[in-house]
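What follows is one structure encoded as structure tokens, with my remarks underneath.
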Amino acid sequence: MAKRGGGTTIRDVAGRAGVSLITVSRALRRPEAVSESLRARIREAADDLGYIPNRAASGLASGASRVVPVILSSLADPLSVGFLDGVREELAGAGFQILLGTTGHRVDVEDELVAAFLGWVPAGLVLAGVDHSAGVRRKLRRAGTPVVEALDLADEPRGLNVGVSHRAVGEAASGFLADRGRSRIAYAGALTEMGREADRRIEGFRAGLRERGLPDHLIVRGDDPPSLAAGARLLAQALRRFPEIDAVFLDDADLAAGAVAECRNRGVAVPGSLALMGLHDREIASAAVPAITSIAIPGREMGRAAARMLLDALEEVGPPAPRRVDMGFRIIERESTGPKGGPT
């Protein structure tokens, strides 16, 4: 079994903060009972020492539980939902339960969740993404708990990592549309704060266009969560800002379906005048008229792979060796992009 780290006690925290044991205990159990400045001092001391309160200690003779926290950025996208289902299914089969937390793409919330979940002495953790604060990485390193970073890929393996290259996804999208004779290709996505994964897709999208000598500035990002209405608004915004466009990659299946509806309302022929392509292959993509070409990322399979990687790590002696698994993606071609070589 993987060896767990730790060893810092409440006495160490009290000594670092220059307060009594009972004051630290009170601050941890009833934060409202001490002043804000004192709480901040104790919290800083605890962070410096890597102290994690063991909330599960009274019921755990072994010091570890059959619980695995899963911390995701959001449950608003189908990739995360499918991933969570896969993790849950695989871990349940091995006798583990999950605890779920979402960060809303906020670094401070992730830090708080990691600290809270480590207090339950979990068997391991699954974290969305590969970009984490120094504070989070320090807590994880000191805890010695096996961690799988998922849904994205690190440039170099530094731990356990299962995901997909979002940069490659974006590059594949622009390349696919360019191969169909499109030369003024736009990107449209919702919620500018949706995280580094979307940023990487845009980076790849633009890189693919530059490699072909095509303009890479046709980018539209909205402030609403993905929906049919948001897709219609984004399409209208793209046509207003860049009337010359002949293709759009929309960063969600609902956005793409909304764009198809907006094109119909405007009398814009798809794919004749405008090719449309979406991300995440959901039923709405195949049911739309015309059916929407989509990039499919295997979320459920990725979740299962992440859980298996964690279970394997729990059987190892000492820290697990770094490993990185690229789950890949595929393009499902439908009517909305037209044939290779040019529009029809």
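Identify all residues within region 156-180 that are among the charged types (D, E, K, R) and within 29 Å of VAL67 (Cα to Cα); write none if there are none.
Initial filter on region 156-180 (among the charged types (D, E, K, R)): 156, 158, 167, 171, 179-180.
Within region 156-180, GLU156, ARG158 meet the criteria.
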Go through (1) among the small types (Gly, Ala, Ser); (2) modelled with pLDDT of 95 or more; (3) in a helix (DSSP H, G or I) one by one and return the number of the condition SER80 breaks. (2)
Can you name every one of the helices (runs of 4 or more DSSP H) wholly within region 220-289 that holds 2 or more residues which are in contact (Cβ under 8 Å) with a residue 40 or more places away in the chain and farther than 11 Å from ALA188 by Cβ? 253-266, 283-287
Quick check on my filter: what residues within region 304-318 are in contact with a Pro (Cβ under 8 Å, 6 or more places away or on another chain) and surrounded by fewer than 21 Cβ atoms within 10 Å (Cβ to Cβ)? ASP312, LEU314
Among the residues of region 216-227, is there at least one that is surrounded by 21 or more Cβ atoms within 10 Å (Cβ to Cβ), within 23 Å of ILE297 (Cα to Cα) and modelled with pLDDT under 95? yes
Please identify the pairs in which a residue from region 158-179 that is in contact (Cβ under 8 Å) with a residue 60 or more places away in the chain has its Cβ atom under 9 Å from the Cβ atom of a residue that is of a type in the set (Phe, Trp, Tyr) and surrounded by fewer than 22 Cβ atoms within 10 Å (Cβ to Cβ), counting only partners at least 6 apart or on another chain. VAL164/PHE329; SER165/PHE329; ALA168/PHE329; VAL169/PHE329; ALA172/PHE329
Restricted to region 229-245 and to residues being aliphatic (A, V, I, L, M) and surrounded by 18 or more Cβ atoms within 10 Å (Cβ to Cβ), the residue farthest from PRO271 (Cα to Cα) is ALA230
Of ALA247, ALA207, ALA238, which residue is modelled with pLDDT of 95 or more, touching a Leu at 6+ places or on another chain (Cβ under 7 Å) and farther than 21 Å from PRO78 by Cα? ALA247
Take the residues in region 36-69 that are hydroxyl-bearing (Ser, Thr, Tyr) and more than 15 Å from GLU112 (Cα to Cα), then tell me which one is modelled with the lowest pLDDT. SER58
Condition met for GLU301 (under 15 Å from VAL87 (Cβ atoms) and surrounded by fewer than 18 Cβ atoms within 10 Å (Cβ to Cβ)): yes
Among GLY129, GLY93, GLY104, which is crowded, with 17+ Cβ neighbours inside 10 Å and in the same structural domain as ALA305 (by TED's automatic domain parsing)? GLY129
Residue by residue through region 232-265, note down the ones that are closer than 20 Å to GLU283 by Cβ and basic (Lys, Arg). ARG264
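Where residues in region 173-196 are part of a helix (DSSP H, G or I) and modelled with pLDDT of 90 or more, which of them is nearest to ASP252 (Cα to Cα)?
We begin by selecting, within region 173-196, every residue part of a helix (DSSP H, G or I); these are 173-178, 196.
Subset that is modelled with pLDDT of 90 or more: 173-178.
On the way: ALA173: 12, SER174: 15, GLY175: 18, PHE176: 17, LEU177: 16, ALA178: 20 Å.
Looking at residues that are part of a helix (DSSP H, G or I) and modelled with pLDDT of 90 or more, I get ALA173.
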When region 299-344 is checked residue by residue, the ones that are out of contact with any helix residue (DSSP H, G or I) (no Cβ under 9 Å at 6 or more places or on another chain) and part of a helix (DSSP H, G or I) are MET309, ASP312, ALA313, LEU314, GLU335
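Take the conditions touching a residue at least 24 places away in the same chain (Cβ under 8 Å), of a type in the set (A, V, I, L, M), out of contact with any Phe, Trp or Tyr (no Cβ under 9 Å at 6 or more places or on another chain) and not in a strand (DSSP E or B) and apply them to LEU100. Does it pass? Can you show your working first?
Details: touching a residue at least 24 places away in the same chain (Cβ under 8 Å): yes; of a type in the set (A, V, I, L, M): yes; out of contact with any Phe, Trp or Tyr (no Cβ under 9 Å at 6 or more places or on another chain): yes; not in a strand (DSSP E or B): no.
It is false that LEU100 is touching a residue at least 24 places away in the same chain (Cβ under 8 Å), of a type in the set (A, V, I, L, M), out of contact with any Phe, Trp or Tyr (no Cβ under 9 Å at 6 or more places or on another chain) and not in a strand (DSSP E or B).
So which residues in region 137-146 are touching a strand residue (DSSP E or B) at 6+ places or on another chain (Cβ under 8 Å) and either surrounded by fewer than 23 Cβ atoms within 10 Å (Cβ to Cβ) or assigned to a helix (DSSP H, G or I) (or both), if there are any at all? Even if it seems obvious, please write down each step before you answer.
First pass over region 137-146, keeping only residues touching a strand residue (DSSP E or B) at 6+ places or on another chain (Cβ under 8 Å): 140, 145-146.
Result: LEU140, single match.
The values are calculated or read from the model by the stated rules, or taken from the named source; none is laboratory data. Source: prediction; values computed, not measured. As a convention, Cβ positions derive from the backbone with ideal geometry for all residues, glycine included, and neighbour counts pool all protein chains shown.
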